[in-house]
Structure formats: structure tokens, C-alpha cells
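Visitor: Here it is, the structure, as C-alpha cells.
The values are calculated or read from the model by the stated rules, or taken from the named source; none is laboratory data. Computed from a predicted model, the values in this text were never measured in an experiment. Cβ: placed from backbone, ideal geometry, glycine included. Neighbour counts: every protein chain shown.
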Amino acid sequence: MAPGPKNTTLRNNGAGPADSLSETMPNKEMSGSGLASPDIVTRDTIRFLNVPTAYRQIYEVPEYRFSDIKKDDIVVDIGANVGAFCIRAAYYSDFVYAVEPLTHEILQKNINLNGVSVTVLDCALGGGTVEGISWDGVSRNMQTVSLKTIIGMTGGCDFLKCDCEGAEWLIDPHDLGSIRRIEMELHLPPVSGPPNPLFLDYVSRNYNFQIDYMPTHAPLGLLGYLHATRDSESPW
């Protein structure tokens, strides 16, 4: 059975052991002592290297709905972090792409560790300008690319997952034209600029959708999670 979303989120900020909901298993990565460093293994048996980093490593993604991914879907995961979504998506689809400008090295290792097929793209969503891309204090200046450019690199997109700290509002709505399903984290200032009304209008006119709004005690700058489908098969 393919892995699916759970009701917990595991995050490791590098300062201590992984969440107690995970387990550890030996891997071939050797620590400084010469002993094998145990993997982090989630309840649905996805494995992640247990290595300290300056940024948060996200291991589970219960906020996203993806059990309807089809075998021949082209899945694009923008903001892949260390692989929590794209690795699971690869159990459903043979065509998964992970867009990640900051954590791509450990992402690739986690993909290899799980023996799945995911193509990593070292780029960042944006308006085509040079921007400082940052996550938890780790930053990099690079040329950003539009969603249209990313779709050109992947040969299409049927299912889009996006968590890119506000860059979602830079998406040209017309670039969504070929996309059947969207799972997207929506941000507010100070994390991002203001929401793009043209984007929201396009989604409202062309998709059946829900937004799971975050309560007032949620992290500042997070509006909620968009679940959208273009056709009448929507379960919502």
C-alpha cells in the first residue's frame, strides 16, 4: 500500500532528536565515531537521513491531500524541502519533479534512500528576477523562474504542490491552465507580499476548491492550505 498523509507533522530543527512519533533504523551513512547513524523512519515507512542542519527538515505532510494522484500524472513539488511530499508522491506517479533551491543535496540523498524516482530541479519559483531565497536563516541569491518555465522543464504539470514562502502570489494565473489539481500553502505578510487577487479569482472561476484556514494561534504569516481540482471529480 502506498504511503499516505498522517495526522501529525514531524519537524527536526537539527538541535535535538527527531520527534517521538518517528523511529530510527541503521543506514550506511557513517558518523564521526565510525558508527552507523540511524535513519528517521515515519509511521508510513518513509526514511530520512538523520543529519543535523541549520534549517527545519519536514518529514510528514498531513496538510496535503494527494491520494488521487494518477500513475501518469506529472507531479511538480515546489518547495520540496527534504522530500516529505515528493517521495510519497512517487509511490503514486512515475513522473515526479521536486523544485528546491536550498536543501537539494539532502533531498537527493533522501530520494535515493527510499529508492524512488524523483527528478530534482535546482531552481526557485518567482518573477524571473534575481532574488535572495531564504529558509530558516539559510539563504542564496539566484535567478528565479516562472511557473511556466518550470512546467516547460518538466514537460507539463497535472498535479501541483507548492510551499514557497509567498512566491505563490507571483504565479501568473494563466500558467495554471494545464493543471488539474493544486495543493498549496498560502502565505500572508510578513512572510510574503499581499495575496494576489487575480490568482484567487482565477482559482475561484476554474476550480472546485477549499481553503483550510489556519486559526489565529497559527504561525504568523500563514493563511492556510488550498485544495483545488479543476474537474467535477472533486470530493469536496
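For (1) over 20 Å from residue 187 (Cα atoms); (2) touching a residue at least 60 places away in the same chain (Cβ under 8 Å); (3) polar (S, T, N, Q); (4) crowded, with 22+ Cβ neighbours inside 10 Å, each residue gets a yes or a no:
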site	(1), (2), (3), (4)
57	no, no, yes, yes
62	no, no, no, no
65	no, yes, no, no
75	yes, yes, no, yes
80	no, no, no, yes
83	yes, no, no, yes
88	yes, yes, no, yes
91	yes, yes, no, no
108	yes, no, yes, no
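Visitor: Could you tell me how many of the residues in region 141-182 are on the phi < 0 side of the Ramachandran plot and part of a loop (DSSP other than H, G, I, E, B)?
Guide: Selection size over region 141-182: 12.
Visitor: Suppose we keep only residues that are buried (at least 20 other Cβ atoms within 10 Å of the Cβ) and of a type in the set (Val, Ile, Thr) within region 157-192. Which one would you say is farthest from residue 213 (Cα to Cα)?
Guide: Of everything passing the filter in region 157-192, 179 is farthest from residue 213 (Cα to Cα).
Visitor: Sticking with this one: In the list 34, 115, which residue meets the criterion of being on the phi > 0 side of the Ramachandran plot, surrounded by fewer than 22 Cβ atoms within 10 Å (Cβ to Cβ) and modelled with pLDDT under 95?
Guide: Result: 34 is the single residue among 34, 115 that is on the phi > 0 side of the Ramachandran plot, surrounded by fewer than 22 Cβ atoms within 10 Å (Cβ to Cβ) and modelled with pLDDT under 95.
Visitor: Turning to a different aspect of this structure: Could you check region 221-236 and list, in sequence order, the residues that are surrounded by fewer than 12 Cβ atoms within 10 Å (Cβ to Cβ) and at pLDDT 65 or above?
Guide: Result: 231, single match.
Visitor: Still on this structure, please answer the following. Output the residue which, of all residues in region 204-220 that are of a type in the set (A, V, I, L, M) and either over 13 Å from residue 183 (Cα atoms) or buried (at least 17 other Cβ atoms within 10 Å of the Cβ) (or both), is modelled with the lowest pLDDT.
Guide: 218
Visitor: Residue 191 fails exactly one of the following numbered conditions: (1) over 21 Å from residue 130 (Cβ atoms); (2) among the β-branched types (Val, Ile, Thr); (3) modelled with pLDDT under 95. What is the number of that condition?
Guide: Every listed condition holds for residue 191 apart from (1).
Visitor: If you don't mind, another one. Please enumerate the residues belonging to region 120-133 that are loosely packed, with under 14 Cβ neighbours inside 10 Å and in a strand (DSSP E or B).
Guide: Residues satisfying the conditions are 130, 132.
Visitor: Could you tell me which residue of region 66-100 is farthest from residue 211 (Cα to Cα), considering only residues that are assigned to a loop (DSSP other than H, G, I, E, B) and in contact with an Asp or Glu (Cβ under 6 Å, 6 or more places away or on another chain)?
Guide: Going through the qualifying residues, I end up with 93.
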